[in-house]
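Presented below is the structure to which this report refers.
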Amino acid sequence: MCPECGELGDGLDGHYSDWRQSRLCSFWPGAPGWWRAWPLLRLEAGADGRYTMSDSQAEPLVKIRGLRFSRGEKRIFDGVDIDIQRHRVTAIMGPSGTGKTTLLKLIGGQLQPEAGTVIVDGKDIHALPLDALYKLRIRMGMMFQSGALLTDIDVFENVAYPLREHTSLSEEMIRKLVLLKLEAVGLRGARDLMPSELSGGMARRVALARAVALDPMMIMYDEPFTGQDPISMGVLVELIRELNDASRLTSIIVSHDVQETAEIADHIYVISQGKVIEHGTPEELMDSQSAWVKQFMHGLPDGPVRFHYPAPDLAQDFFRHSTGGRP
Ligand SMILES: Nc1ncnc2c1ncn2[C@@H]1O[C@H](COP(=O)(O)OP(=O)(O)OP(=O)(O)O)[C@@H](O)[C@H]1O
Ligand SMILES: [Mg+2]
């Protein structure tokens, strides 16, 4: 809690909740310039017992190192390193089935890797006790691949849901917050509609309002553009960028929609067959010399990317004797 203004906070808005983190409210009116910059600087004890300043905010918000994960026999990730920089939009791209949704589940701690670490805001997500993991997840917004609105409650209640679940705010405060979030996605007027009455694009925007309801430090978007018409896509592209920049969020987008993703991403990782094939700015990847990246980024039908899921030879498969059950 800030000693001057008494504010509690998560550190993102300049107020800090915990003195033991050596941080102080940057809104403290009497603070000199360097003191106001305190949220960006922390004192850290060195091996010699001396304290030095370190720029903890310069560290990536998510740091993935040596990640390995399999589903049955199938190796999904085989030594993946990814840095998600704070306040940036980072895209993870790759063909369908490469493991993009799986990666988000690993970042959110829903899946356990075989090897490697996922550090989120300085915490090893897979080593956290459950209550600490739940607390951290409250600060991680997620927009699911399907939108996943609750179908039995209206738009207002869908956005209010995380606020009711995770806070003890008054009804009046919840109402104001929900209206603000719906206003941000242009759907304040649709608050009484049921999910079945929404178009696909509107449903995505409601899901987006719900994902940011708790003012998370980061938000993960799973295929936000799939199935949208060009206008809805354009609206979503703008919204994601604006929300990221205006709220100083950190955004992770997993997608195979190259054009839209390249339009908003600051940095793109391309993954395939368990590895990061290449990463860089959208421009760097568009100019890549790698045949694989070229095929993917420019949507070329011919190239090294396989169209078929691995299978035995068709002729062998065709004439193989059935041994009961499904051939
Ligand atoms: N619950 C599960 N059990 C077993 N295998 C799974 C499960 N979920 C996903 N897989 C497999 O893991 C691989 C990666 O799946 P994932 O859903 O992460 O891919 P994706 O890149 O998100 O694909 P898409 O672009 O189609 O959404 C796929 O081969 C898939 O068949
Ligand atoms: Mg997916």
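Read the figures in this text as sums done on the coordinates, not as results from a lab. As the structure is a prediction and not an experimental result, all values here were calculated from the model. Here the Cβ positions follow ideal geometry from the backbone for every residue, glycine too, while neighbour counts run over all protein chains shown.
Please give the length that would be gained between Gln273 and Ala115 if that part of the chain were fully extended, namely 0.36 nm times their separation in residues minus their C-alpha to C-alpha distance (nm, one decimal).
Stretched out fully, the Gln273 to Ala115 stretch lengthens by 55.2 nm.
Using the basic label-point model (7 angstrom from Cα toward the beta carbon), what is the Gln85 to Gln289 distance in nanometres?
Result: 2.4 nm between the two label points.
Going through segment 165-260, which trypsin sites (Lys or Arg not before Pro) have at most 15 other Cβ atoms within 10 Å and a DSSP loop state?
Here the trypsin sites (Lys or Arg not before Pro) that fit, given the DSSP loop and packing criteria, are Arg248.
Run the dipole for segment 93-139 about the Cα centre, Lys and Arg Cβ at +1, Asp and Glu Cβ at -1, nothing else charged, and hand back the magnitude in debye, nearest 20.
200 debye
Quote the FRET efficiency, to the nearest 0.05, computed for His166 versus Thr281 with a Förster distance R0 of 35 Å and r equal to the Cβ-Cβ distance.
Efficiency at R0 = 35 Å is approximately 0.45.
Could you work out the local net charge near Val155, counting Lys and Arg as +1, Asp and Glu as -1, over the other residues with Cβ closer than 15 Å to its Cβ?
The answer is +2.
Check the straight Cα-Cα distances from Lys105 and name the lysines below 23 Å, setting aside those fewer than 8 residues away within the same chain.
Lys63, Lys74, Lys123, Lys135, Lys275
Please compute the length gained on full extension between Ile138 and Leu180, using 0.36 nm multiplied by the number of residues separating them and subtracting their Cα-Cα distance.
13.2 nm
Taking each pair of distinct Cα atoms in segment 104-153 once, what is the resulting Kirkwood hydrodynamic radius in Å?
Evaluated over segment 104-153, this radius sits at 12.2 Å.
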